[in-house]
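Single-structure report; data block below.
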Amino acid sequence: MNTASRGVVAKIVAGIESPSEQWITRARAHLDVLTKPLGSLGMLEDIAAQMVSIRRQDFAQPLQKAVYVFAADHGVTAEGVSAYPSEVTRQMVLNFLAEGAAINVLAKLHGVQMNIVDVGVDAHFDGLHGLLHCKVRRGTRNMLYEAAMSDAELAQALEVGSRLGAEAGAKGQSLLAVGEMGIGNTTAASAITSVLTRKPVQQVTGQGTGLDAGAQAHKRGIIEAVVQKYFPTVGIDSVPDPLEVLRCVGGLEIAAMTGLILGAARSGIAVVVDGFISTAAAASAFATEPRVRGYLFAGHQSEEPGHWVLLKYIGLKPILSLNMRLGEGTGAVLAMPIIESAMRLYNEMATFASAGVSEANL
């Protein structure tokens, strides 16, 4: 089972190395002699050390930032799991291209290159300028009745992401944000979260695009049925196959983001994950190859309850907490200046020795 997708993933993960422990030790030693009390920059020191461990000898080079927003539709929207109709996915892609969305504003403000990727929108975009045309199919199947994707489709979506990760490396991009657009994708993310973390559906399912209490209960019921259909025996002692989870209950954009994260790690590129959906992709990548964790930053803490569960599962601490649940990569792009600030402090602060400042008497 999953022969094609396993083949794709095996080729990617074979080239992934963990970030350098030697460089992280050197980074910690350097941080400790900067003109400040030990540890006084808090999480900024952790961010800087992790970035140095990823970038190694290139740590002093300016960061080249990009955001990749993957768009796809979901067949399960036919079950009334979203407050918005599925055609909003297509409409928002056009909004991205017209530079009218929140992610456009933030990317422009912070000097982040925008990339909009159609990996599975249920619409024709033939000849549309500015869009990366990578459509696998026009939306996933309705997972309530059949698996969201075939193995061949999953493999193709993973390849889309991994190829973009490799191309990012070739372009010299060194800090990537991953975002998404897809009506119905919180349903897929909740199902993935429940299966991977073995947490109850009720614990990991939120309002999505703004459901009221009754609609949220209906959504939970659909996700419960989906999880029971494909993974009835997953429990405390059962480890699910992350590729099978993606195939059965995932989304094309989630699979492509998974591929991007794996491909970026292979290319030695740091990745900032956004909210619930992109962190579901990060969790899928982590479950497939745990070494990717060293390349990941959590941009923010989403309002979606399943997001915290996923961050804990991977072992990531969010940089920001702004009560956001928009998606699009917005939280990840907002965190990029924090990461840049950490690197500037690391590279440009004086040491006690160079500044002639006395150190603490310990």
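Out of the residues in the stretch 57-83 that are modelled with pLDDT of 95 or more and among the hydroxyl-bearing types (Ser, Thr, Tyr), state the one that is surrounded by the most Cβ atoms within 10 Å (Cβ to Cβ).
So the residue we want is 68.
When you check residue 256 against the structure, is it in contact with a strand residue (DSSP E or B) (Cβ under 7 Å, 6 or more places away or on another chain), modelled with pLDDT of 95 or more and farther than 23 Å from residue 319 by Cβ, yes or no?
yes
When you go through 247, 266 one by one, which is the residue that is among the charged types (D, E, K, R) and in contact with a Leu (Cβ under 6 Å, 6 or more places away or on another chain)?
Testing whether each residue is among the charged types (D, E, K, R) and in contact with a Leu (Cβ under 6 Å, 6 or more places away or on another chain) leaves just 247.
Is at least one residue of the stretch 197-206 surrounded by fewer than 24 Cβ atoms within 10 Å (Cβ to Cβ), in contact with a Phe, Trp or Tyr (Cβ under 6 Å, 6 or more places away or on another chain), at pLDDT 95 or above and closer than 20 Å to residue 314 by Cα?
So far as the stretch 197-206 goes, yes, one or more of its residues are surrounded by fewer than 24 Cβ atoms within 10 Å (Cβ to Cβ), in contact with a Phe, Trp or Tyr (Cβ under 6 Å, 6 or more places away or on another chain), at pLDDT 95 or above and closer than 20 Å to residue 314 by Cα.
Note down all Cβ pairs under 6 Å where the first residue falls in the stretch 33-49 and is modelled with pLDDT of 95 or more, the second is assigned to a loop (DSSP other than H, G, I, E, B) and among the aliphatic types (A, V, I, L, M), and they're at least six residues apart or on different chains.
Taking only residues 6 or more apart or on different chains, the pairs are 34/349; 35/350; 35/357.
Pairs under 6 Å by beta carbon, first residue within 22 Å of residue 340 (Cα to Cα) in the stretch 298-327, partner among the acidic types (Asp, Glu), six or more apart or different chains?
299/274; 327/180
Which of the residues belonging to the stretch 212-263 are acidic (Asp, Glu), in a loop (DSSP other than H, G, I, E, B) and farther than 29 Å from residue 329 by Cβ?
Within the stretch 212-263, 237 is the sole residue that qualifies.
Can you tell me which residue is surrounded by the fewest Cβ atoms within 10 Å (Cβ to Cβ) among those in the stretch 227-243 that are touching a residue at least 60 places away in the same chain (Cβ under 8 Å) and over 23 Å from the mean Cα position of the chain (by Cα)?
Once the filter is applied, the top-ranked residue is 229.
When the residues of the stretch 124-141 are narrowed to those that are surrounded by fewer than 22 Cβ atoms within 10 Å (Cβ to Cβ) and touching a residue at least 40 places away in the same chain (Cβ under 8 Å), which ends up nearest to residue 88 (Cα to Cα)?
138
Only residues that are in a loop (DSSP other than H, G, I, E, B) and either in contact (Cβ under 8 Å) with a residue 60 or more places away in the chain or surrounded by 13 or more Cβ atoms within 10 Å (Cβ to Cβ) (or both): list them for the stretch 328-358, please.
Listed by number, the residues that qualify are 328, 329, 349, 350, 357.
Which of the following residues is part of a helix (DSSP H, G or I), touching a residue at least 12 places away in the same chain (Cβ under 8 Å), surrounded by 22 or more Cβ atoms within 10 Å (Cβ to Cβ) and at negative phi: 54, 24?
Result of the check over 54, 24: 54.
Is at least one residue of the stretch 244-255 surrounded by fewer than 24 Cβ atoms within 10 Å (Cβ to Cβ) and either β-branched (Val, Ile, Thr) or within 17 Å of the chain's Cα centre (by Cα) (or both)?
no
Could you pull out the residue among 15, 7 that is under 25 Å from residue 169 (Cα atoms), in contact (Cβ under 8 Å) with a residue 40 or more places away in the chain, in a helix (DSSP H, G or I) and not β-branched (Val, Ile, Thr)?
Criteria check complete, one pass: 7.
For residue 17, indicate whether it is of a type in the set (D, E, K, R), closer than 24 Å to residue 291 by Cβ and out of contact with any Pro (no Cβ under 9 Å at 6 or more places or on another chain).
yes
In the set 265, 282, 287, which member is within 26 Å of residue 20 (Cβ to Cβ), in contact with a strand residue (DSSP E or B) (Cβ under 7 Å, 6 or more places away or on another chain) and either at pLDDT 95 or above or buried (at least 21 other Cβ atoms within 10 Å of the Cβ) (or both)?
From the options 265, 282, 287, the qualifying one is 282.
For the structure I just gave you, tell me whether residue 165 is under 14 Å from the mean Cα position of the chain (by Cα) and either surrounded by 19 or more Cβ atoms within 10 Å (Cβ to Cβ) or on the phi > 0 side of the Ramachandran plot (or both).
Considered against the rule, which asks whether it is under 14 Å from the mean Cα position of the chain (by Cα) and either surrounded by 19 or more Cβ atoms within 10 Å (Cβ to Cβ) or on the phi > 0 side of the Ramachandran plot (or both), residue 165 comes out as yes.
The values are calculated or read from the model by the stated rules, or taken from the named source; none is laboratory data. These numbers come from a predicted model, not from an experiment. As a convention, Cβ positions derive from the backbone with ideal geometry for all residues, glycine included, and neighbour counts pool all protein chains shown.
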